[in-house]
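A short worksheet on the structure shown next.
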Amino acid sequence: MRVSKWSERLFGTPIFDPVVATSFLFPLLYLISFLIIPVLAMLAIAFVYNGHFSLHWFGSILGSDYYISLPSGDFYKLVTLPSGEQIYYVQGVDFGVILNSLLVSLSVMLLTTILGTIFAFVMARYNFPGKNIVRILLFVPLLVTPFVNVFIVKKMFLPNGLINWLFYDILHIFPHRIVIDGLVGVIIAQTMTYYPIVYLNAYASFINIDPTLEEQAENLGSGGFHLFRTVTLPLALPGIAAGATLVGIFSLEDLAAPIVFQGNPLARKLMSFQIYSAFTSGFNVGSPQLAALAIIMLTIAILMFLGIRKYVSMRQYAMLSKGGRWKPRIAKPKAWQAALIYFLVIPMLLISIFPQVGVVLLAFSESWSGTWPEGFTMQHIMSIVTQPDIERVIMNSVMYSTAAIVVIILLSLTAAYASSRFKKSLLGPVLDSLSTLPIAVPGIVIAMGYFFFFAKAFPDTLLDPTNLLGFNPALVLVLAYSIRRLPFAARSIAAGIQQVHVSLEEAALNLGASRWKALTGILIPLILLNLLGGAMLSFVYCMSETSVSITLGSINPDYYPITARMVELMTSAVGSANLAAALGVFLMTVQIIAIVLANLITKQRYSFIGLT
Amino acid sequence: MVDVKLENVVKTFGDTVALKGINLYIKAGELFTLLGPSGCGKSTTLRIIAGLDFPDSGHIYFGNEDVTYLPSSKRGAVLVFQNYALWPHMTVFDNVAYGLKLRKLPKEEIKRRVEWALELVKLKGYENRYPTQLSGGQQQRVAIARALVVEPKVLLLDEPLSNLDAKLRLEMRSEIRRIQRELGITVIYVTHDQEEAMAISDRIAVMNVGTVEQVGTPRDIYERPKTEFVASFMGKTNVIPAKVVERTGDRVTVEFDGIRLDGLHYTGKEDEVVIVIRPERVKLKPVENAISISGIVDLVEYYGFFIEVVGLFGEERRIIARTISDRDVEGLKPTQPVTFYVNRDDVIILPRQKR
């Protein structure tokens, strides 16, 4: 047996081992083949003009008023309704597609950070009657109900919607009724959808601060807001910032809010929607200008992603503790704090969970034109089991998602095993970055890349999206799901592997086991629960995937996944929204079952989208 | 049972050289200890012998067989990990039987040998427990049984006592020694505790920053240290830098702070030296063939079974005398004048080590 220098460099082990090599090469080749190549190949056309390398398409975008402009239009208007009543109509101003996307993203980051941090701080630091109910309520906004929750947000802000009923009719706080639409509608809807991500990250950060650090500051004379400003917040900031950045990226690539608000032209002037509308309006998907726009979008997302990684890695001190017993700092709120909690924080929470509540109400109601829905009916829910097209989309999604989680588990397991056990490998850091990269690649960009890639690579086959009804998206969707949802499961599994001390495998090797034996007999049994948790997590995420599902997935109705049907229901005839809501209720049920199971099986608190 | 030979073993981790060319010979059937402070390379050496790491250059032989690049699984040098590395999802029986199952032994044979091993470590009756249901000392015994049951050519122990409390440590120490004697197996033992090393070992290799400073029996190492590092690492020692000013045959006169000590044994070439004197060799009453050092009492420290007198002399030099007799220190108070006596044969002169 000889040592091999290249095996040591590539795989971090001087004696070549097929198990180790596979653990590196399988995820690496998979990610290169189905993430890097399709996206790059597609994007490359943005650099070609008249057969030559050129920045023409970028110039044409950056020089166009449509994409970047000075603000135009009024942020809000006082509109007189036919009834004679005046209302505020708030839609935001137009800075052009690119700046609009950036401003929406930044606004959503700011609002979710404020909301998420307040909720997290209250939950992490105060004990108050009713806290357990609040804890359960805080799980509600985590439930993903694509499109329908945005539809409810829009409803809440109609002249007779919940918000105006509450703040105008009852509390008389608003001078006029307020209707939101356009970019402001998108911002509010995304804020309500994504703030739980900041909440989860911030909560974890507050909980993980070594109490002695704050006690020492108090001991030295600090206290109150000074303590929060000088010690608590700086220590929690990396976690909060990571959550906020994730929200920023999600906002950038979000399609649900722009689609629901697309009645207002301003809501259409967002990068994600611009690319999406190419799919729906006659397939100029492969146009170089669109590719250039996709590059700009991808670049912004990746810069945000790299920025936060750099920032967080520079400030990894939240966990800096020397052991000892932690006595969590949970206090009884003072009178004014309790007043704030009961009269501001909890009402805000109740409003923020209303979209999910509204989805359920919508699914069980006959009509909903006023403030509240009217007429109870099981008809929409029953359609899930009686209406063949609905049954079919559910079956489709279950099949795609099941296939995808098998791939995801294999990818996460091999990638996490390789990069956590063979740290000397030069491929390790590459693999690490590649397997988290999908977070920063907008789904719509992947959809575009796949469209282009499969049309060029497999023309006139089942895999060619331009083949329309001859196209079967199953493989394409499974690939897209497995790539897009990989980072979430990979984290859960990597965390599991890190908890298993490497000596447990070394002991097996040392006693005569092969790598394969040590992996299957020692490591995998020890992280089985993490694997199950990761599998359930990714299943839920695959089921509710939107970007690729509503583009490539909505070409051939026979193969629609759930979300493709939902977007169709939301954007077509009146009344179908109830059916979309029924599907939303179905998705929520799946998520609740998965969360409960994951918590029961792994006995740790799993919260979805938790990404610290 | 084999002898183990390390030949010019070099190992680097990135920019740091962990082992700078180690040469060692471990006799078959002896208990050999690698002793040194943390970071000296002792654990790296052990992992290289176990086949869990591979050297950049150099060779390892078991008997006549070159095992340098033989994978750990085929080597038969079984390591007992510092954290025991017991598999929490397996019972004690399954942990111990693991290596035997890999060797595809018949069920009966496995059962017989696991029972033998558990009996050897006095854990019979614990077969169906899980590791988490055992105390630290019991876990340690399971780890040892798991290693011994496969009849290793060499047994490797990595700081085996460091996770045990003081009382258990003494118990396990003699237990390990007993098992080693009973089986006559070659054992390589890693520790940073010099007392533990001296108590348990046939021979010791003292390591420092990737090199072997000295190999010898515990007595050799303690009484005849070859380097300043070995002298100062083996317990509390008086080390005084000095200069050789006169040589007659193998006797020299050394000087420091204007104090001259003559008639001391030294054959080294270097003139920059250190004077090494064990505290228990420093007397408070005159002895024959003695050098004497006068100063004042700085501290008298009472340790129970011995007493230490710390003296100040010269230019803020310290000397420690250790005695077991209360009478020696009667009436000694800080700032009082005192004279220390050391037999010339108990003074060790060593070349000064560069830092």
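Restricting to the stretch B:154-196, and then to whatever is under 9 Å from the mean Cα position of the chain (by Cα) and either of a type in the set (S, T, N, Q) or buried (at least 23 other Cβ atoms within 10 Å of the Cβ) (or both), can you tell me which residue is modelled with the lowest pLDDT? Here the residue is B:Q194.
Yes/no per residue for (1) touching a His at 6+ places or on another chain (Cβ under 9 Å); (2) under 24 Å from B:A197 (Cβ atoms); (3) among the β-branched types (V, I, T); (4) in the same structural domain as B:I49 (by TED's automatic domain parsing):
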{"site": "B:R75", "(1), (2), (3), (4)": "no, no, no, yes"}
{"site": "B:L79", "(1), (2), (3), (4)": "no, yes, no, yes"}
{"site": "B:A85", "(1), (2), (3), (4)": "yes, yes, no, yes"}
{"site": "B:G125", "(1), (2), (3), (4)": "no, no, no, yes"}
{"site": "B:N128", "(1), (2), (3), (4)": "no, no, no, yes"}
{"site": "B:G137", "(1), (2), (3), (4)": "no, yes, no, yes"}
{"site": "B:N163", "(1), (2), (3), (4)": "no, yes, no, yes"}
{"site": "B:A166", "(1), (2), (3), (4)": "no, yes, no, yes"}
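Of the listed requirements (1) touching a residue at least 60 places away in the same chain (Cβ under 8 Å); (2) surrounded by 18 or more Cβ atoms within 10 Å (Cβ to Cβ); (3) within 14 Å of chain B (Cβ to nearest Cβ); (4) not hydroxyl-bearing (S, T, Y), A:D17 misses just one: (2).
Could you tell me whether any residue of the stretch B:101-110 is buried (at least 19 other Cβ atoms within 10 Å of the Cβ) and either within 12 Å of another protein chain (Cβ to nearest Cβ) or within 27 Å of the chain's Cα centre (by Cα) (or both)? Checked against the condition, which is being buried (at least 19 other Cβ atoms within 10 Å of the Cβ) and either within 12 Å of another protein chain (Cβ to nearest Cβ) or within 27 Å of the chain's Cα centre (by Cα) (or both), the stretch B:101-110 yields no hits at all. Residues in the stretch B:111-130 that are surrounded by 15 or more Cβ atoms within 10 Å (Cβ to Cβ) and of a type in the set (A, V, I, L, M, F, W, C): B:V114, B:A117, B:L118, B:L120, B:V121, B:L123. Filtering the stretch B:38-90 to residues that are in a loop (DSSP other than H, G, I, E, B), among the β-branched types (V, I, T) and more than 9 Å from chain A (Cβ to nearest Cβ) leaves only B:V67.
Results for (1) loosely packed, with under 15 Cβ neighbours inside 10 Å; (2) under 18 Å from B:V347 (Cα atoms), shown as yes or no for each residue.
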position: B:Q214; (1), (2): no, no
position: B:P225; (1), (2): no, yes
position: B:V230; (1), (2): no, yes
position: B:M234; (1), (2): no, yes
position: B:V244; (1), (2): no, yes
position: B:R260; (1), (2): yes, yes
position: B:G268; (1), (2): yes, yes
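Scanning the stretch A:170-186 for residues that are assigned to a helix (DSSP H, G or I) and buried (at least 24 other Cβ atoms within 10 Å of the Cβ) gives A:G182, A:L183, A:V184, A:G185, A:V186.
Looking at this structure, is A:K310 exposed (fewer than 14 other Cβ atoms within 10 Å of the Cβ) and either part of a loop (DSSP other than H, G, I, E, B) or at pLDDT 90 or above (or both)? Answer is no for this residue.
Comparison of A:A256, A:A278, A:A301 shows that the only residue that is in contact with a Phe, Trp or Tyr (Cβ under 8 Å, 6 or more places away or on another chain) and of a type in the set (A, V, I, L, M) is A:A256. Per the conditions (1) among the hydrophobic types (A, V, I, L, M, F, W, C); (2) within 14 Å of chain B (Cβ to nearest Cβ); (3) surrounded by fewer than 20 Cβ atoms within 10 Å (Cβ to Cβ), the sole criterion not satisfied by A:L511 is (3).
The combined condition, being within 14 Å of another protein chain (Cβ to nearest Cβ) and out of contact with any Leu (no Cβ under 9 Å at 6 or more places or on another chain), is fulfilled by A:V502. So is B:F54 within 14 Å of B:V154 (Cα to Cα) and either crowded, with 16+ Cβ neighbours inside 10 Å or not assigned by TED's automatic domain parsing to the domain that holds B:L156 (or both) or not? Against the criterion (within 14 Å of B:V154 (Cα to Cα) and either crowded, with 16+ Cβ neighbours inside 10 Å or not assigned by TED's automatic domain parsing to the domain that holds B:L156 (or both)), B:F54 does not qualify. Close Cβ contacts (under 7 Å, 6 or more residues apart or on different chains) running from residues in the stretch A:530-543 that are among the β-branched types (V, I, T) to residues that are surrounded by fewer than 24 Cβ atoms within 10 Å (Cβ to Cβ) comprise A:V540/A:V590; A:V540/A:Q591; A:V540/A:A594; A:V540/A:F608.
Would you call B:M198 away from chain A (no Cβ under 13 Å) and among the aliphatic types (A, V, I, L, M)? Spelling it out, B:M198 is indeed away from chain A (no Cβ under 13 Å) and among the aliphatic types (A, V, I, L, M).
When A:A318 is tested against (1) modelled with pLDDT under 80; (2) more than 29 Å from the chain's Cα centre (by Cα); (3) of a type in the set (A, V, I, L, M), just one condition goes unmet, and that condition is (2). Quick check on my filter: what residues within the stretch B:302-333 are over 13 Å from B:E280 (Cβ atoms) and loosely packed, with under 13 Cβ neighbours inside 10 Å? Scanning the stretch B:302-333 gives B:Y302, B:G304, B:E315, B:E316, B:D326, B:R327, B:E330, B:G331, B:K333.
Remark: pairs (first residue in the stretch A:91-117, assigned by TED's automatic domain parsing to the domain that holds A:L252 and in contact (Cβ under 8 Å) with a residue 40 or more places away in the chain; second residue in a helix (DSSP H, G or I) and aromatic (F, W, Y); Cβ separation under 7 Å; 6+ apart in sequence or on different chains) = A:V108/A:Y194; A:T112/A:Y194; A:T112/A:Y195; A:L115/A:Y195; A:G116/A:Y195; A:G116/A:Y199. Take the conditions (1) within 14 Å of chain B (Cβ to nearest Cβ); (2) buried (at least 17 other Cβ atoms within 10 Å of the Cβ); (3) aromatic (F, W, Y); A:W57 misses just one of them, which is (1).
Against the criterion of being assigned by TED's automatic domain parsing to the domain that holds A:M109, within 30 Å of A:I87 (Cα to Cα) and touching a residue at least 24 places away in the same chain (Cβ under 8 Å), A:V247 does not qualify. Taking the listed residues A:G243, A:G239, the one that is within 30 Å of A:A331 (Cβ to Cβ), in contact with a Gly (Cβ under 9 Å, 6 or more places away or on another chain) and assigned to a helix (DSSP H, G or I) is A:G243, with no other qualifying. For the subset of the stretch A:118-129 comprising residues that are over 19 Å from A:A242 (Cβ atoms) and in contact (Cβ under 8 Å) with a residue 24 or more places away in the chain, which member is surrounded by the fewest Cβ atoms within 10 Å (Cβ to Cβ)? Checked the stretch A:118-129; the qualifying residue surrounded by the fewest Cβ atoms within 10 Å (Cβ to Cβ) is A:N127.
Contact map, the stretch A:372-388: residues that are over 13 Å from A:L362 (Cβ atoms) paired with residues that are of a type outside the set (A, V, I, L, M, F, W, C), Cβ distance under 7 Å, separation 6+ or inter-chain. Pairs shown: A:V385/A:E391.
The values are calculated or read from the model by the stated rules, or taken from the named source; none is laboratory data. What you see is a predicted model, and the numbers here were worked out from it, not measured in a lab. Methodologically, a virtual Cβ is constructed for each residue, glycine included, from the backbone with ideal geometry; neighbour enumeration extends over all protein chains shown.
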